[in-house]
Amino acid sequence: MFEMAVTKKMLIGGHISTAGGIYLSPERAFNFSFRTFQIFSKNQMQWKAKPLSLEDVDKFRSEVQERKMKGIMVHASYLLNMATPDQELKAKVLDAFSEEIRRADLLGIDYLTFHPGSSTGTTEKNALKNIADNLNSLITKEQGCTILLETSAGQGKTVGHTFEQLAEIIDQVQIKEKVGICFDTCHVFAAGYDIKSRAGYGETMDKFSSALGLDKLKGFHLNDSKKGLNSRVDRHEQIGDGMLGIDGISNFIRDPRLSEKPMNLETPLGEGGYEKDLAVMNATLNED
Ligand SMILES: [Zn+2]
Ligand SMILES: [Zn+2]
């Protein structure tokens with residue numbers, strides 16, 4: 001176990017494998033000195049999921065508790081396009097999404113993050129409305145997890161790449177206390193927000209605050225970006241090796257307003273690269 005300034009100061013985690021059993025993920029995360037983490041609760045490329053056994057659920061919960069980990073995220077399946085105008089697909093998406101909520105609640109997970117979706121076959125306005133309508137038919141006051149819309153890079157016809165689009169979705173959601181935003185640093189940069197410079201970061205946070213309110217900012221995906229500002233390409237890079245660079249990442253890990261918000265690494269090497277990602281962030285903080 002190594003002590004790190006960055007994991008002490010901020011609630012840093014990473015996407016963690018559930019290979020061999022979902023209950024193994026908290027320890028894997030803890031071994032990186034993470035205080036939080038993200039998982040898929042089922043295969044992210046498949047519609048159907050094997051039911052979680054109660055034994056696995058109990059073990060997962062006690063592993064999390066023992067290590068005092070918090071703000072844990074589940075990333076929903078990539079297949080769920082909540083914006084679809086196709087009624088047959090929509091029924092399938094709703095079914096799978098309600099299963100994602102059920103599994104997150106069983107596991108005692110705080111946040112369920114999903115990609116807002118794509119406007120393929122419809123207009124942007126309708127896509128945003130479809131997402132809100134679907135959230136309204138899924139969200140209940142009783143559910144434990146908060147559902148997070150992930151900021152998108154704006155690749156192809158994906159929606160959710162401007163704070164205004166995300167606000168337009170949330171404005172149409174009825175039970176607002178159960179929705180929030182997961183801010184992906186790679187995506188937001190690729191979508192055209194200059195979070196690399198100190199001034200641009202300040203302006204971006206101000207824009208977020210006026211469109212959505214900082215209380216809706218529940219967590220982060222902490223990624224460098226292979227492509228440049230406004231490239232609209234979703235391609236992650238190891239921390240410090242991309243176009244956002246350590247300067248851009250530093251803006252986030254130095255912001256005291258964000259110290260209690262979970263920040264999960266989703267860099268391309270996965271668990272094979274987190275130690276280096278952490279070391280690069282740590283070195284920056286130690287320069288202070
Ligand atoms: Zn994502
Ligand atoms: Zn991405």
Review point. Can you give the charge dipole size of the chain about its Cα centre, rounded to the nearest 20 debye, using +1 on the beta carbon of Lys and Arg and -1 on the beta carbon of Asp and Glu?
Key: 220
Exercise for review: Quick one: work out Rg over Rh on the C-alpha atoms of the chain, Rh as Kirkwood radius.
Suggested key: 0.95
Exercise for review: With springs connecting C-alpha atoms under 10 Å apart, model the chain as a Gaussian network and identify which of M73, M263, M205 has the largest mean-square fluctuation.
Suggested key: M205
Practice item. From the P(r) of the range 48-165, can you give the percent of Cα pairs sitting at distances over 20 Å? Key: 46
Review point. Under a straight-distance cross-link criterion of Cα-Cα below 19 Å, which lysines are reachable from K90, leaving out those fewer than 8 residues away in the same chain?
Key: K48, K125, K129, K157
Review point. Which of the lysines could be linked to K8 by a straight reach, that is with a Cα gap under 27 Å, when you skip same-chain ones fewer than 8 residues away?
Key: K59, K68, K70, K196, K216, K218, K261, K276
Revision key, fill the gap. GNM on the chain, Cα springs under 10 Å; top mean-square fluctuation among K141, K216, K226 goes to K141
**Study point:** the chain: DSSP helices with Cα axial extent of at least 24 Å and average Kyte-Doolittle hydropathy no lower than -0.5
**Key:** 87-107
**Study point:** the range 206-288: mean projected area of Cα convex hull, nm²
**Key:** 5.9
Study note, to complete from the structure: The local net charge around T123, scoring Lys/Arg +1 and Asp/Glu -1 for residues other than T123 whose Cβ lies under 11 Å from its Cβ, equals +2
Review point. What's log10 of I(q)/I(0) for the range 1-116 at q = 0.09, 0.11, 0.17 Å⁻¹, Debye sum over Cα points only, no solvent?
Key: -0.26, -0.39, -0.82
Review point. Gaussian network model of the chain, Cα springs within a sub-10 Å range: biggest mean-square fluctuation belongs to which of I175, I147, I195?
Key: I175
Review point. So what is the relative contact order of the chain, in percent, for Cα pairs below 8 Å that sit 6 or more residues apart?
Key: 18
Revision key, fill the gap. Reduced to Cα centres, the span from the range 85-123 to the range 242-288 in Å works out to 29
Practice item. Compute the signed sum of charges (Lys and Arg +1, Asp and Glu -1) over the other residues within less than 9 Å, Cβ to Cβ, of Y193. Key: -1
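We did not get these values from a lab; they are worked out from the coordinates using the rules stated. Keep in mind the model is a prediction, meaning the values are calculated, not measured. As a convention, Cβ positions derive from the backbone with ideal geometry for all residues, glycine included, and neighbour counts pool all protein chains shown.
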